[in-house]
Amino acid sequence: MTDLLRHYLAYSFHSLTKYDYMAIGWVLFLALLFLVLALFVKRRGTGYFLLFLGITLLFFGPPAIKVAMDRFIRPAAVTLERTKPLKFSHALLLEGTLANTGKVDYTACDLIVTLYRPGTPLGRWAGYLKPYRVAFERLDAPLMRGEAKPFRILVDDFQNRGDFNVTVIARCYP
């Protein structure tokens, strides 16, 4: 889980564009404006509401902006076509395609493979938060708008002990 969090934070800081900076700056400006307005408002209830709104925007605004920009401007579709545990080695072979469905061209993409055990809904969340295997693969080939490229990932140290779920997430850099 720490590898996944460290990778996500590195991705978040490396993939920022000027539009991300402008959106985050706007949210921080609004948060500070609400905090200053909370100081000068005479009514206590309105002041507390503005204070709550400012603090909420200050802490949750930048990550929400980053998620929104990734979802609407930089999405990438991953189609997993084949998942095959290899017989004579402890490895898993994943084949699929990565498609640029966003509005910008990508210079590189990171594919994050997460393997976890299926189960009850609570068990699925626990498995997603603490997967038994995480693998990262970097694709340095540029991916233009509307283009799709095949990929092949080999996950080492895979112990096939029954049923498992595979999730592949693409994070692309403009």
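One residue is enough: does the range 116-124 have a residue meeting the conditions without any contact (Cβ under 8 Å) to a residue 40 or more places away in the chain, farther than 30 Å from GLY25 by Cβ and hydrophobic (A, V, I, L, M, F, W, C)?
For the range 116-124, residues without any contact (Cβ under 8 Å) to a residue 40 or more places away in the chain, farther than 30 Å from GLY25 by Cβ and hydrophobic (A, V, I, L, M, F, W, C): present.
Just to be sure, is PRO142 at pLDDT 80 or above and either surrounded by fewer than 11 Cβ atoms within 10 Å (Cβ to Cβ) or not assigned by TED's automatic domain parsing to the domain that holds VAL168 (or both)?
Here the answer is no, as PRO142 does not meet what is asked.
Would you check if ARG74 is surrounded by 17 or more Cβ atoms within 10 Å (Cβ to Cβ), charged (D, E, K, R) and under 30 Å from GLY146 (Cβ atoms)?
yes
Checking the condition of a type outside the set (S, T, N, Q) and either assigned by TED's automatic domain parsing to the domain that holds TYR106 or closer than 30 Å to ASP110 by Cβ (or both), which residue from LEU16, LEU51 passes?
Just one listed residue meets the conditions, LEU16.
Condition (residue is at pLDDT below 75 and of a type in the set (Gly, Ala, Ser)) applied to the range 106-122: is it met by at least one residue?
Within the range 106-122, one or more residues are at pLDDT below 75 and of a type in the set (Gly, Ala, Ser).
So if I check each of TYR11, TYR48, which one is surrounded by 12 or more Cβ atoms within 10 Å (Cβ to Cβ), hydroxyl-bearing (Ser, Thr, Tyr), out of contact with any Cys (no Cβ under 8 Å at 6 or more places or on another chain) and in contact (Cβ under 8 Å) with a residue 24 or more places away in the chain?
TYR11
The values are calculated or read from the model by the stated rules, or taken from the named source; none is laboratory data. Treat the numbers as computed from the prediction; the structure is a model and nothing was measured. Glycine gets a Cβ as well: all are built from the backbone with ideal geometry, and neighbour counts include every protein chain shown.
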